[in-house]
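The values are calculated or read from the model by the stated rules, or taken from the named source; none is laboratory data. This one's a predicted model, so the numbers in the text were calculated from it and none came from an experiment. As a convention, Cβ positions derive from the backbone with ideal geometry for all residues, glycine included, and neighbour counts pool all protein chains shown.
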Amino acid sequence: MKAAWYEHQGPAGRVLVVGEMPDPYPSTGEVRIRLAASGINPGDLKKRENAFGIGMPYPRIIPHSDGAGVIDRVGDGVPPERVGERVWCFGAQSYRPFGTAAEFTVVPAQQAIALPDAVGFEIGACLGIPALTAHRAVHAGGPVGGRCVLIQGGSGAVGCLAVGLSRHADAALVAATVRSAAGEDVARRAGAHHVLRTDGVEWRTVADELRRVAPGGFHHVVEVAFDANVEVDTMVLANEGSIAAYATNDPRPAIPFWDLLFRNARILLLGSDDFRLEQKLSAANDVNQMLSLGWQGLRLEKTFRLQEIAAAHEYVGNKRGAGRVVLVL
């Protein structure tokens, strides 16, 4: 098969190689997917760059955990009727060496999720990690039905999915912050009741506007930049509210401890690779329900071919737009 890989960590143009590798075959309980598209997430870039200081967990890595395509082989214990099924997958390169930047990938059968008929492969490849993270970020603090939810960064992949999933779970109010006009469009299309642009706005002004939107405070906050936004989150949080954070720029952020304590706040830190399987499958089920009902919040910004993977990684690393980037295989 044709595949992209790296055997050393570093800049995309220096370490990514495109060539031929032996076709993989599924073991017991696994399926092989002939991939049509491979999603690129910021975490894929961080792994390649060794941003977390973990090093190379395997001698050779095919990057990307998310993708979509058609099951063409199954291992023992998997119903043969799954051959020919259109699927999206998650976790292809989570604790495994060979991800979706290739013509084929092999994953445990439960990680290959039926793709709704009306959803194309390119959008299917954008689900995976963002969808699982968004679902957990929305639900980690408890049911959101009838409650006020704030999505910080509502135009990103996780953010717009979190907006949609909050609406799908019958939240009474879903507010989203964004940093551009294009981001406003994405968050509104995803289903946000109220969208606030924060670019160039002082944080106390942001907090004042959010408190105007939800005078009683937000019961739950989904947070993309914990270090930058924790002061705002604290000011707008309802008593016994929760903050579910899945990213931060400062790895050791300070927190307003007493302000959070007097709100009886809960801080939930989320790492998608290590969610329990039942949580991932619950997320996949809810996301598919939402897609089947016609939700179209994800926007495709740009596609690259497999042989252009280095350029694709560089584009994702530098882009500031709200759309998603995929490899088309």
Hey, Gln93 in contact with a strand residue (DSSP E or B) (Cβ under 6 Å, 6 or more places away or on another chain), under 23 Å from Asp273 (Cα atoms) and either surrounded by fewer than 22 Cβ atoms within 10 Å (Cβ to Cβ) or not hydroxyl-bearing (Ser, Thr, Tyr) (or both) or not: no
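So that you can scan it fast, the table gives a plain yes or no per residue for (1) of a type in the set (A, V, I, L, M, F, W, C); (2) crowded, with 20+ Cβ neighbours inside 10 Å; (3) not assigned by TED's automatic domain parsing to the domain that holds Arg86:
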residue	(1), (2), (3)
Gln9	no, no, no
Gly19	no, no, no
Thr28	no, no, no
Leu35	yes, yes, no
Gly39	no, yes, no
Asp44	no, yes, no
Ala51	yes, no, no
Arg60	no, no, no
Ala68	yes, yes, no
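Residue-wise test of (1) among the β-branched types (Val, Ile, Thr); (2) in a helix (DSSP H, G or I); (3) not assigned by TED's automatic domain parsing to the domain that holds Leu210.
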site	(1), (2), (3)
Leu150	no, no, no
Gly164	no, yes, no
Arg167	no, yes, no
Val174	yes, no, no
Thr177	yes, no, no
Gly183	no, yes, no
Subset of segment 274-329 that is assigned to a helix (DSSP H, G or I) and of a type in the set (D, E, K, R) - its residue that is surrounded by the most Cβ atoms within 10 Å (Cβ to Cβ): Lys280
Residue under evaluation Gly200, criteria (1) at pLDDT below 95; (2) under 30 Å from Gln110 (Cα atoms); (3) not basic (Lys, Arg), criterion not met: (2)
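In this structure, does Ala131 turn out to be touching a residue at least 24 places away in the same chain (Cβ under 8 Å), of a type in the set (A, V, I, L, M), crowded, with 20+ Cβ neighbours inside 10 Å and outside any loop (DSSP other than H, G, I, E, B)?
yes
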So Ala3, is it among the hydrophobic types (A, V, I, L, M, F, W, C) and modelled with pLDDT of 95 or more: yes
